[in-house]
Each structure stands twice: as C-alpha cells, then as structure tokens.
Amino acid sequence: MIRIDFTDTGARIKPLHGIGQPPTRGNDCGMFHYLTEAGIPFPRLHDVGGYFGGGRFVDIPNLFPDPDADPADPASYRFGFTDLLVTELMKSGTEPFFRLGVTIENEWAVYAARIWPPRDSLAWAKICEGVIRHYTEGWAGGFHYPIRYWEIWNEPDNVPDPMENPMWRGSAEQFFELYATASTYLKEKFPHLKIGGYGSCGFYGVTGGNVPTYAATSPRFDYFRTFFDDFLAYVKAHNCPLDFFSWHSYDSVPSTGMFAAYARHRLDAEGFTETETTCDEWNCNPTLRGTRMHAALCTAMFAELQHAPVDSAMFYDGRCGVSMFSSLFNPLTEAPFPAYYAFLAFNVLYRFGQEVAVYTEQMGEAGQADAALRVLAARGEKDGAARGAVLICNPTGTSLPLELNANGRLTSCSVLTEEGLVEIPLPAELESGAVLLAEYAL
C-alpha cells in the first residue's frame, strides 16, 4: 500500500524539469508553446550554436566573430539571432541557463575550429561581460531580462588528451586559469548574478554509502574525478567565485542520485557549502526514446533527484531532432514523445510547490511490489482551493499492484499514453512503463 499524508509537508519541489536545447526549427520558435505548457523552468543554452543553430546562436564566436575586435564596442557583436531565441524563450515563461563558451565539435578529427582556449582570458571575460550586459542591462540595444545563471564552458574534462577532446583543446591548468580569470572578473561586474561552471562530464566511478566514494574504473572516468578535485583546489587557492557547480549524468536513476551526493560531499569538504549544484545534462537509457518506459524512467529520475542533494536539473535534450538524445519530440511529426508528458505531469507537482510525505507499507508480496514503484507527492493551491497531486511510475519490467490511500478526495486520475495524459479510474495495478498522475481536493 502507498499512503499519502497531505498534512505532512517537507521540502519544496525543485526545478528538475529543465531541458537543454529548446525545440527550435532553424529560426522558427513555433514549438516553444510546449515549454510553456510543461512549465519548463530552465532551457540550458548549450549545443545550440552548431548544427541546428547554423553557427548563429549563443556561442561566443557567434556573438563576437572577430576575437581581435573591441569588446567595449557594440558593433563588435552579432546579437540578432540569439536575441530572437532568448526573447522567444522569455515569452514562453522560461529562464535561459546561459552557457558561455562553444558547442561541442564532434568532427574534431577533421577540423577543430572553436574549441581552443581563448588567446587572452581577460579579453574573453570582457566579451562575456558585453553579452551579459546586453541581455540583463539593456546594453547595445539589449534587454533587461532576469537571467541569473551564467555557466563558464562545458565539459573541458571530456577526455584526458587535449588533441582528442571535442570541447577543450587545452590543458586542465589552462581551463582553471580561464575559469579563475573570467569568474572573478564577471562576479566583480555582476555581483547579483550567479557565475559558475563547468559542466563536468560526471562521476561514473562513484559508489554509494553514507559517504559516497570514488572507485577507479577507467582512465577517462578517473580523469573526470581528478579534474574535479584539481579544479576545486585551484578555485579554493585563488578564491574564485563558484556560485554553482554543474555536472552531467547519462547513467541509471540510482547512479545519478549517488553522483549528486558525491558532488555535494566533495564541495562541502572543500568549503563550498553555499555552492549550488545542478545536473544540467541527464538522460537515462535514451535508446528507449519514444516509448512509455522512457517516460517512466524520466519520472523516476524526478523522484530520485527530488531527494538527492541537487538544486536543479536539465534533461539532454529538448531538440526536435534525429539524435536518440533528442527524446521529447518526434522529428518526423513534431509531436511530443511520451517522455514530454512526464515533464508535463511533474510540473503539476512543481506548481503546487510543497512536497508531502509518502509511506510505502510492506504487506507481503504486494507491499514489496509497491516498493518498486517510484512515488512523489505535493500540495498547494489551485483556483484558490487546497489541492494535492501524486505522481507514480512503474520503471520495472512487469505490472505491479497499486493500492493508493490518501487523506483527500480524489478528483482525477490520468495515465500517460502516446497521445498525452488520459483520464481513467484509479487502477488496481500499474503496467510496466506506466506513469500515473492523481489529483486530490484537500
């Protein structure tokens, strides 16, 4: 039996249903209504400047094409396409999570164009200053948008050999120096904004326990960990700002929770107790894209990260594209995949805001099966009245019995289908891959 106590409140529901790469179609932002409808809190602006962006959007070389130009001169910038993108995102009710850097270059073996370290770190920081002023202070015919998060680079730790790295053709020490120079300069100019980085590839060697530890696994994964440790040591020694630390996971749901605990543990151990953490790239088993099971895994991830020491998360990615990672929209029809509706359903809890207690009572085999379901519940207000909602998913390979008991009056029950959320009576079992949203009057 699953019992929900809507009177026993806990933490706020966190903004875990952010995405990367909003669903643009060239310069057409006509699919952004899906962001509004799902209440997407953050669209991370990374990898939007290359293949789908046509070399026009977001990336510093797109915004500032001549590295020898004067960063103080508005004529040095090419804001037009990014203005369109950011303005349409703001209209959709989302807040861009702005990555300062470049798009990954997966064709690096043919030609590495923009992934080299900037020749002058301070000059690069001043270019970033111009970008931030344009979008937050109206500089150069710009805007006064409340964009808080500015992320320095992405995955500089991708591989140990700089000549095979698709994101950073420099040494670790060169990146640390760039981060130190840029973060210090930008924080002095914008003390009210959040400056951080660096989009770590992740912590795939971490094992669980009361204190998460790292076990050696492969030279590449070991490099992720040593890069992180060396980065923290450098930032600490040079007293650099680190308002948030960003990291990635393409592992399972429970592993991602362990990675969150490891990042938090290491930050706290080095004195960065006020630094936020964000998993700003995640996807679990993207080979299942387009299936209900992938939607169930996404729902399970929301439940996992709600209880993990992470402040926000962003799914990779929200493009309407052919990559298996573009798992929210069908590129042939532009209709949502089932996983999109998991984001839509989670947003019901996010809007309500206050998590409430969930109890799983062990009652023989049925109770043990119930424990395999992932459950998250919240309460808040809707139309001026107290309301609650329960989100349940079955990420297992078999149907499981469902007995749901809540101290409220059930007003609706919906299951996720390929066409969206469809209202049904409360079922006695959940099929494999099923996602259920139940709403209550309190």
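The values are calculated or read from the model by the stated rules, or taken from the named source; none is laboratory data. As the structure is a prediction and not an experimental result, all values here were calculated from the model. Note: ideal-geometry Cβ built from the backbone for every residue, glycine included; neighbour counts use all protein chains shown. These accessible areas exclude ligands, DNA and RNA; they are computed on the full protein's heavy atoms, side chains included. Shrake-Rupley method; radii C 1.70, N 1.55, O 1.52, S 1.80 Å.
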Please report the Cα spread of region 1-132 along all three principal axes, rounded to whole Å, starting with the longest. 64, 35, 32
Rounded, prolate or oblate for region 7-48? Axes are the square roots of the Cα gyration tensor eigenvalues, ordered a ≥ b ≥ c, and the cut-off for rounded is a/c under 1.5. oblate
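Under a 1.4 Å probe, what is the accessible area of region 174-324 per residue, stated in Å²? Before the final figure, lay out the partial values.
Values: 5210 Å² over 151 residues.
Heavy-atom SASA per residue in region 174-324 reads 35 Å².
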Order by protection proxy (mean Cβ within 10 Å, highest first), peptides 133-139, 375-381: 375-381, 133-139
Students sometimes get this wrong: rank 36, 82 by accessible area, probe 1.4 Å, all chains present, largest first. 36, 82
Residue 417's amide H: which non-local residues (gap 5+, or another chain) put their own amide H closer than 5 Å, with H modeled 1.01 Å from N in plane and none for Pro or chain starts? 422
Which order do the peptides 83-92, 67-76, 310-319 take when ranked by the mean count of other beta-carbon atoms within 10 Å per residue, highest first? 310-319, 83-92, 67-76
Sorted by chain and then number, the residues having a modelled amide H within less than 5 Å of the amide H of residue 381, at least 5 places away or on another chain, are 387
Using a 1.4 Å probe, how large is the accessible area of residue 207, given in Å² and rounded to the nearest 10? 60
Taking square-rooted eigenvalues a ≥ b ≥ c of the alpha carbon gyration tensor, is region 260-363 rounded, prolate or oblate, where a/c under 1.5 means rounded and, failing that, a/b exceeding b/c means prolate? oblate
Descending Cα extents along the principal axes, region 63-172, whole Å: 41, 32, 23
Towards the positive end of the charge dipole of region 263-339, with charges on Cβ (+1 Lys, Arg; -1 Asp, Glu), say which of 331, 298, 273 has the farthest Cα. 331
Once neighbouring chains are kept in place and the probe is 1.4 Å, which whole percent of the accessible area of the chain is contributed by carbon and sulfur? 52
Let me check against my output: what whole-number percent is the relative contact order of the chain, with C-alpha pairs under 8 Å and at least 6 apart? 18
Highest mean first, how do 285-292, 148-155, 215-222 rank when packing is the count of other Cβ atoms within 10 Å averaged over residues? 148-155, 285-292, 215-222
Between rounded, prolate and oblate, where does region 161-216 land on the alpha carbon gyration tensor, with a ≥ b ≥ c its root eigenvalues, rounded for a/c under 1.5, else prolate if a/b exceeds b/c? oblate
Counting heavy atoms of the protein chains only and a 1.4 Å probe, report the per residue accessible area for region 27-146 as a whole number of Å². 42
Please check which bits of region 221-259 a label hung off residue 287 would reach, taking the label as a point 7 Å along Cα-to-C-beta and the cut-off as backbone N under 14 Å. 251-252
